[in-house]
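Taken together, the values in this text are just the output of simple stated rules run on the coordinates, not laboratory data. Since this is a predicted model, take the numbers as computed values, not measurements. When we count neighbours, we look across all protein chains shown, and the Cβ atoms used for this are built from the backbone with ideal geometry, even at glycine.
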Amino acid sequence: MTLDIPTIETERLILRGFTPQDFDDYVEVRIHPDNAKWLGSAQSKAQIYKHMMLVMGHWAMRGYGRFCVRRKDNDAMVGIIGALHPFDYPTPEMAYAVHPDQKGNGFAGEAVKACLKIAYQTWGWTQAISMIDPDNHASQSVARKCGATATGEIIQDRGYSLEIWQYPSPEAFFTANPDMAGAA
Amino acid sequence: MMDISIKIPTIETERLILRGWRESDLDGYFELLSDEEAMTFLGGVRTRHDAWRSIAGAIGHWALKGFGLFCVEEKQSQSCIGFCGPLCPEGWPDNEIGYGLQRSAQGKGYGTEAANAALTYAYRDLGWTTAISLIDPANSASQNIAKKLGAHKEQENVEVTHFTADIWRHLPPEQFLEQHA
């Protein structure tokens, strides 16, 4: 297995692999109460570091994964966004955890769209979903801005009930976002 | 802005190969992680999903730190018999040489052979100036490996993240490389 993580630039964001210098900001993303209630109970720094190791190693296991997303203008961490495909899941999903200070600016949607582009153009995905708690309205709003629709299908995952949101097909996505249809 | 990629080196010893991880290593690695006796001092048995996450975590440690646990392959069987390598995740008291082998691979000197290679790599290639091994106070097999490498018990019952271990301090680089490498 090899590990190769590309760097992607969007209008306002850089998507790239994590480095040790990202750890403190990532801890803020994970432990903030607004996020911790969806990501599981607040964790120790050692556990969060292990999670960052897993996020990086996932790229080797699957060939795709989640990015560290930062703003171009001030380098602030927007969050951790990209493809998540645990061992026992039938399909990958687009997953995102956003820094509490960076919500409401459309950053997460901008990053998810960049991930859909690379998933469809480079990773060979023919469809994409997100699994979202029915009460997590902020997350639903991100998915909706990327064209996803709620399917009504609920799955049980480690004590959570999550609804499957379906993103547009590759063809529909690039039709709706013609500026993203260029080469990766 | 650079893309990130890693290359895990391959180290060959007399009977073992320490190398990067392959998908096919999951079976051998899970054989270790699911063995109640072998895992007594390594945090208890895990699921196959845990084993998958653990391999991903090992690779992620390489990506973040530039070093990490190797897959230990037995030359004879060409299969994964455990893990060994330098590591230092968040919360660790110092740079460590960690190791764990399937029960069927124990008692053959493999642990010493692998740990010797890993410590040599850490001192020679990574430039470490010191190294420890974290060992359960009751894990005499692991203590024996540390002793064979010249390590001594430095501190007892140290709380490390979610477990308690003794700190065994390895010989300093010059002395170790002269005597063991």
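Per DSSP H run of at least 4 residues, take -39500 (n - 2.57); add these up for chain A, divide by its residues and hand me the 222 nm value, nearest 500 deg cm²/dmol.
Details: 6 runs with 65 residues, N = 184.
Helices in chain A give a 222 nm mean residue ellipticity of -10500 deg cm²/dmol.
Just counting partner chain Cβ atoms within 10 Å, what average do the residues of peptide B:45-56 show around their Cβ? Don't skip to the answer; put the middle values down first.
Details: counts 0, 0, 2, 2, 3, 1, 1, 7, 9, 4, 6, 15.
Mean shielding by partner chains, rounded to a whole number: 4.
Rounded to the nearest Å, what's the spacing between the alpha carbon centres of the range A:46-67 and the range B:17-68? Just the number, please.
Value for the Cα centre distance between the two parts: 14 Å.
Give me the orientation-averaged projected area of the Cα convex hull of chain A, in nm², one decimal. Mind showing how you got there, number by number?
On the way: hull surface 40.6 nm².
Average of the hull's projected areas for chain A equals 10.1 nm².
Only bridges whose two residues both fall in chain B count here: according to DSSP, what percent of them are antiparallel, nearest 5?
DSSP beta bridges in chain B are roughly 95 percent antiparallel.
State, to one decimal in nm, how far the label point of A:ILE154 lies from the label point of B:THR10, with both points 7 Å from Cα in the Cβ direction.
Using points 7 Å along Cα→Cβ, the separation is 5.2 nm.
Could you let me know the centre-to-centre spacing of the range A:3-24 and the range A:143-165, using Cα atoms, in angstrom?
Measuring centre to centre over Cα atoms gives 26 Å.
Please report how many Lys pairs in chain B have alpha carbons closer than 22 angstrom, counting only residues at least 8 apart along the chain or sitting on separate chains.
5
Given springs between every Cα pair under 10 Å in a Gaussian network model of chain B, which of B:SER133, B:SER77, B:SER54 has the largest fluctuation?
Highest fluctuation of the listed residues: B:SER77.
Before anything else, pin down the relative contact order of chain A: Cα pairs under 8 Å, at least 6 apart, normalised by residue count, whole percent.
17 percent
Could you work out which residue, out of A:ILE80, A:ILE14, A:ILE154, moves most in a Gaussian network model of chain A, that is, has the largest mean-square fluctuation with Cα springs under 10 Å?
A:ILE154
Chain A: longest stretch without exposed trypsin sites (Lys or Arg not before Pro) (DSSP loop, at most 13 other Cβ within 10 Å), sites themselves excluded?
In chain A, the maximal stretch lacking such sites is A:73-157.
In a Gaussian network model over chain A where Cα atoms closer than 10 Å are linked, find which of A:PRO20, A:PRO86, A:PRO134 has the largest mean-square fluctuation.
In this elastic network of chain A, the residue with the biggest mean-square fluctuation among A:PRO20, A:PRO86, A:PRO134 is A:PRO20.
With label points built 7 Å along Cα→Cβ from the Cα atoms of A:ARG144 and A:GLN43, find their separation and express it in nm.
The answer from the label model is 2.9 nm.
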